[in-house]
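Notes to accompany the following structure.
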Amino acid sequence: MRKILFLVTEDWYFWSHRLPLARAAQAAGHEVLVATRVQDHGDRIRTQGFRLIPIGLRRSSRNPLCEIKAIYELYQIYSTEKPDLVHQVAIKPILYGSLAARFAGIKAIVNALTGLGYVFIAKGKKAFFLRSLITPFFWFAFSCRNCRGIFQNPEDRQTFIDRKIIIPEKAVLIRGSGVNTDLFSPVPEAEGEPKAILASRMLWDKGVGDLVEASKLLKNRGMPGRVILAGRPDPDNPASIPEEILTGWHEKGEIIWLGHRENIPRLLQQCHVAVLPSSYREGIPKCLLEAASAGLPLVATDVRGCREIVRNGVNGFIVPPKDPERLAQALATLLQNRELRQRMGKASREIAVNEFSEELVVRATLALYEELLGN
C-alpha cells in the first residue's frame with residue numbers, strides 16, 4: 001500500500017475540491033493522509049477513512065517566525081510519515097511543502113496551482129519586487145526530478161514555462177478539480193421571477209461589488225430579475241468583504257445575501273443564470289463548473305480560467321472585468337430571454353459533461369500518481 005499525503009491550507013477547501021480525488025486514490029489501494037488547518041470539516045474528513053493531520057499553516061500569516069515554524073512543522077510531518085507521494089495544493093503549500101519535502105527525502109511530488117493571483121498579474125514596482133522574490137522559490141519547487149506541476153488552464157501553464165520556472169515536460173494541464181455531473185444536473189427551469197446567482201466566497205476580487213452595482217442598474221431600469229449571493233466572507237483573505245457590508249446590501253434590497261449554503265445543487269436548480277465577475281486570474285472556477293453542469297447559462301469576466309468554461313455567445317457571455325454596465329447588460333439579456341437561457345444552458349451542460357467531469361479529472365490525476373510512483 002502506497003501512502004499519499006494531501007497538503008491543503010483549509011479543511012473546507014479539501015472537502016469541496018479534493019474529496020473525490022482522495023476517495024479515488026483510496027479506492028485504488030492507497031492510504032490517504034490529509035494535512036490541513038482543521039476548522040469545521042475535521043470529523044467529515046475522518047469519517048471518509050482518511051488520516052487527518054492538523055497543521056498551523058495559515059494563508060493570511062506574514063510573520064517570518066510563523067512561516068519558518070510552519071515549514072519546520074511540515075518537515076516533521078513528512079519525515080515522520082514518509083509518504084510515497086505528496087500532493088500540495090496552492091501557493092503556500094507548494095513553496096513551503098516543497099522545501100520540507102526536499103529535506104525529508106520525499107521521492108514524488110505533485111504541485112497543483114489553483115490560479116495565479118496578484119503577484120503574477122499586477123503591475124508596478126511592488127508587484128515586480130514580489131514576483132522577483134517569489135520566482136526562484138517556485139523554480140526550486142518544480143526543480144526536483146520526480147515532480148510535476150498541475151495547471152488548471154493553458155495560460156497559467158504557459159506563463160510558468162515562459163518564465164522558465166518549469167520545463168514543459170513537467171507541466172501537466174488538468175482542467176480544474178472536476179464536477180459531479182450526476183449531483184449537479186439540470187431540471188426544468190424554475191417558475192417565477194428570474195434569478196442570477198453568484199455562489200462563491202464573498203471577496204472583492206470575485207467581483208461581488210461590481211455585481212451589486214450591476215444589480216442596482218437593473219433595478220433602477222425596472223428590469224425583472226433578482227441577484228443572489230450565496231457564500232460567506234473569508235477572513236483569512238485580504239479581499240474578504242466584511243459581513244456588515246453584505247448585510248447592508250441585503251437590507252437595502254440591492255441583492256439577496258443568503259450566507260453559507262450547504263445544498264448548492266438544489267440552490268442552482270432554483271436559479272436561472274450563474275455569474276462570476278472575477279477580476280483576478282482564476283484556475284477553473286468551481287462555481288462556474290457546477291452551474292454549467294446544472295444547465296445554467298453563465299456570465300463571467302474576460303480573465304484566465306473563466307474563459308475556459310464560458311464560451312461567449314455559446315453558453316453565456318464574457319464581459320470586461322470591473323465593468324458593472326456591461327455586466328448588467330449581459331445579465332439583462334439572459335434574465336429577459338427564456339429561450340436564450342435554455343439554449344445556452346443546454347450548451348453549458350454539454351461542455352461540463354464532455355470536458356470537465358469529475359471522472360476525467362480523477363482519471364488524469366491518478367495516472368499522474370502512477371507515473372511518479374513508478375519512477
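The values are calculated or read from the model by the stated rules, or taken from the named source; none is laboratory data. Since the model is a prediction, treat every value here as computed from it, not as a measurement. All Cβ positions, glycine included, derive from the backbone under ideal geometry; neighbour counts span all protein chains shown.
Quick check, is S132 part of a helix (DSSP H, G or I), modelled with pLDDT of 75 or more and within 21 Å of H17 (Cβ to Cβ)?
No; evaluated as a whole, the condition is false for this residue.
Which residue, of A90, A101, is in contact with a strand residue (DSSP E or B) (Cβ under 8 Å, 6 or more places away or on another chain), within 19 Å of A239 (Cβ to Cβ) and either surrounded by 22 or more Cβ atoms within 10 Å (Cβ to Cβ) or small (G, A, S) (or both)?
A90
Residue by residue through the stretch 123-159, note down the ones that are β-branched (V, I, T) and crowded, with 16+ Cβ neighbours inside 10 Å.
Hits for the stretch 123-159 are T135, I150, T159.
Filter the stretch 32-84 down to residues that are under 22 Å from A101 (Cβ atoms) and within 25 Å of the chain's Cα centre (by Cα), then give me how many there are.
Qualifying residue count for the region: 23.
Give all pairs with beta carbons closer than 8 Å in which a residue from the stretch 17-29 that is outside the structural domain of I174 (by TED's automatic domain parsing) meets a residue that is surrounded by 15 or more Cβ atoms within 10 Å (Cβ to Cβ) and modelled with pLDDT of 95 or more; count only pairs at least 6 apart in sequence or on separate chains.
none
Are any of the residues in the stretch 160-171 out of contact with any Gly (no Cβ under 9 Å at 6 or more places or on another chain), outside the structural domain of A328 (by TED's automatic domain parsing), surrounded by 16 or more Cβ atoms within 10 Å (Cβ to Cβ) and aromatic (F, W, Y)?
There is no residue in the stretch 160-171 that is out of contact with any Gly (no Cβ under 9 Å at 6 or more places or on another chain), outside the structural domain of A328 (by TED's automatic domain parsing), surrounded by 16 or more Cβ atoms within 10 Å (Cβ to Cβ) and aromatic (F, W, Y).
Here is a yes/no grid of residues against (1) out of contact with any helix residue (DSSP H, G or I) (no Cβ under 8 Å at 6 or more places or on another chain); (2) over 18 Å from Q270 (Cβ atoms); (3) not small (G, A, S):
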site	(1), (2), (3)
R163	no, yes, yes
I166	no, yes, yes
V179	no, yes, yes
D182	yes, yes, yes
A190	no, no, no
L203	yes, yes, yes
D236	yes, yes, yes
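Working only within the stretch 1-43, note down all residues that are of a type in the set (S, T, Y) and within 18 Å of N111 (Cβ to Cβ).
Passing the criteria: T9, Y13, T36.
Which members of the stretch 298-315 meet the condition of being of a type in the set (V, I, T) and part of a strand (DSSP E or B)?
Matches in the stretch 298-315: V299, T301.
Look through R326, R341 and report the one residue that is in a helix (DSSP H, G or I), in contact with a His (Cβ under 8 Å, 6 or more places away or on another chain) and crowded, with 16+ Cβ neighbours inside 10 Å.
That would be R341, the only listed residue that is in a helix (DSSP H, G or I), in contact with a His (Cβ under 8 Å, 6 or more places away or on another chain) and crowded, with 16+ Cβ neighbours inside 10 Å.
Which members of the stretch 329-338 meet the condition of being assigned to a loop (DSSP other than H, G, I, E, B) and either in contact (Cβ under 8 Å) with a residue 24 or more places away in the chain or not assigned by TED's automatic domain parsing to the domain that holds N220 (or both)?
Result: Q336, single match.
Search the stretch 190-208 for residues being among the charged types (D, E, K, R) and surrounded by fewer than 17 Cβ atoms within 10 Å (Cβ to Cβ), and hand back the single one that is farthest from M223 (Cα to Cα).
E191
Picking from T114, T80, which residue would you name as being surrounded by fewer than 19 Cβ atoms within 10 Å (Cβ to Cβ) and β-branched (V, I, T)?
Only one candidate passes the filter, namely T80.
Within the stretch 221-270, work out how many residues are more than 28 Å from P188 (Cβ to Cβ) and in contact with a His (Cβ under 7 Å, 6 or more places away or on another chain).
Residues in the stretch 221-270 being more than 28 Å from P188 (Cβ to Cβ) and in contact with a His (Cβ under 7 Å, 6 or more places away or on another chain): 1 in total.
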